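What follows is one structure encoded as structure tokens, with my remarks underneath.
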Amino acid sequence: MNEEMQCCVVTCEKPLDKTYWDNQYQSQMTGWDLGEVSPPIKAYINSLENKNASILIPGCGNTYETEYLLQQGFSNITVIDIAPTLVEKLQEKFANNKNIKIILGDFFEHHNKYDIIIEQTFFCALPPTLRQKYVYKMHQLLNENGLLVGLLFNRSFEKNPPFGGSKEEYEKLFKDAFIFNQFDVCNNSVAPRQNTELFIEFKKNSETIVYLYGFQGITCNGCMNTVSQKFAAIPHIVNVSMSSNYQEVLIVSDAAITLKDLQNEIAYDAKYIITKINM
Ligand SMILES: C[S@@+](CC[C@H](N)C(=O)[O-])C[C@H]1O[C@@H](n2cnc3c(N)ncnc32)[C@H](O)[C@@H]1O
């Protein structure tokens, strides 16, 4: 089995689902929790002028960002988290505050539109197989010119979660679905994360269409590269990114494409099946 195909022990033996995250909160195993809004996000919030902007914080945890946003007068904040123990606590903490909506649920099942989505150790908490789905969902949830803002780790980890990554990897993943307004190593991270985080401000690219498809039949990187190159050669397709388990493919195009266009490209091998995912 090659390195790319090695399974992630945590996610295979212990899925990173509602039960996993709830147990972390119940047993107070929350090593990621900074106890305060992270300095780069605080500085970014300070630069925002429109206090009525609709803001989503997915995988919000104790959401110190929200406390800071409320202190600064922001009035349209939504937070979502999958862990019931945590959400119950948030509901008590922010009881009767009409400027915040607290949702217990799965980010990937959430539907609405936002001006800004704040990323703070949510991406790195997800199994890497969900990265294409994350890009698709973020694009879907943002208004025109909407912004995905926050921090991504620029390092790897021996124990997961968190799952790391690199600027190069993220560039390939988000390319053309988003315009990279800011994408730099952060100079004001908290001490333990110094020089290991990238600050991002990605603007939704409203000129492109982002599709997510289910895929079956690929078992190695060689086939993944071949299939990806075939899709990338279809007129109007500007980016193709396949999930690390080869089961999802993110396609970005500058004009509408059809499932048939994609099926035609892989028709040479009957084991390949591509299907539309409805989210
Ligand atoms: C590493 S913690 C980060 C929490 C918070 N953002 C922080 O920085 O303190 C990841 C959070 O994502 C939540 N989470 C994981 N998967 C989720 C999903 N699919 N939908 C919503 N929340 C999820 C977990 O319950 C957890 O609170």
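The values are calculated or read from the model by the stated rules, or taken from the named source; none is laboratory data. Note that the coordinates shown come from a computational prediction; the quantities given were computed from them, not determined experimentally. Counting neighbours? That spans all protein chains shown, and the Cβs are built from the backbone with ideal geometry, glycine included.
Taken over region 166-192, residues that are touching a residue at least 60 places away in the same chain (Cβ under 8 Å) and either more than 22 Å from Tyr211 (Cα to Cα) or outside the structural domain of Phe153 (by TED's automatic domain parsing) (or both) amount to 4. Restricted to strands (runs of 3 or more DSSP E) entirely inside region 175-279, those with at least 3 residues that are touching a Lys or Arg at 6+ places or on another chain (Cβ under 7 Å) and closer than 21 Å to Tyr136 by Cβ are 178-185. When Ser228, Ser189, Ser206 are checked against the criterion of being within 15 Å of the ligand (Cβ to nearest atom), on the phi < 0 side of the Ramachandran plot and of a type in the set (Gly, Ala, Ser), a single residue qualifies: Ser189. Where in region 31-106 are there strands (runs of 3 or more DSSP E), lying wholly inside it, with at least 2 residues that are of a type outside the set (Val, Ile, Thr)? Those strands (runs of 3 or more DSSP E) span 55-58, 100-104. In this structure, Thr208 does not satisfy being surrounded by fewer than 15 Cβ atoms within 10 Å (Cβ to Cβ) and of a type in the set (Val, Ile, Thr).
Considering only residues in region 53-72 that are without any contact (Cβ under 8 Å) to a residue 40 or more places away in the chain and more than 22 Å from Glu109 (Cα to Cα), the one that is nearest to the ligand (Cβ to nearest atom) turns out to be Tyr64.
Evaluated against (1) touching a Leu at 6+ places or on another chain (Cβ under 9 Å); (2) closer than 26 Å to Ala43 by Cβ, His111 falls short on exactly one condition, (2). Pairs linking a residue in region 232-253 that is not assigned by TED's automatic domain parsing to the domain that holds Lys172 to a residue that is assigned to a loop (DSSP other than H, G, I, E, B) and among the polar types (S, T, N, Q), with Cβ atoms under 7 Å and 6 or more positions apart or on different chains, are Val238/Thr208; Val252/Thr208; Ser253/Thr208.
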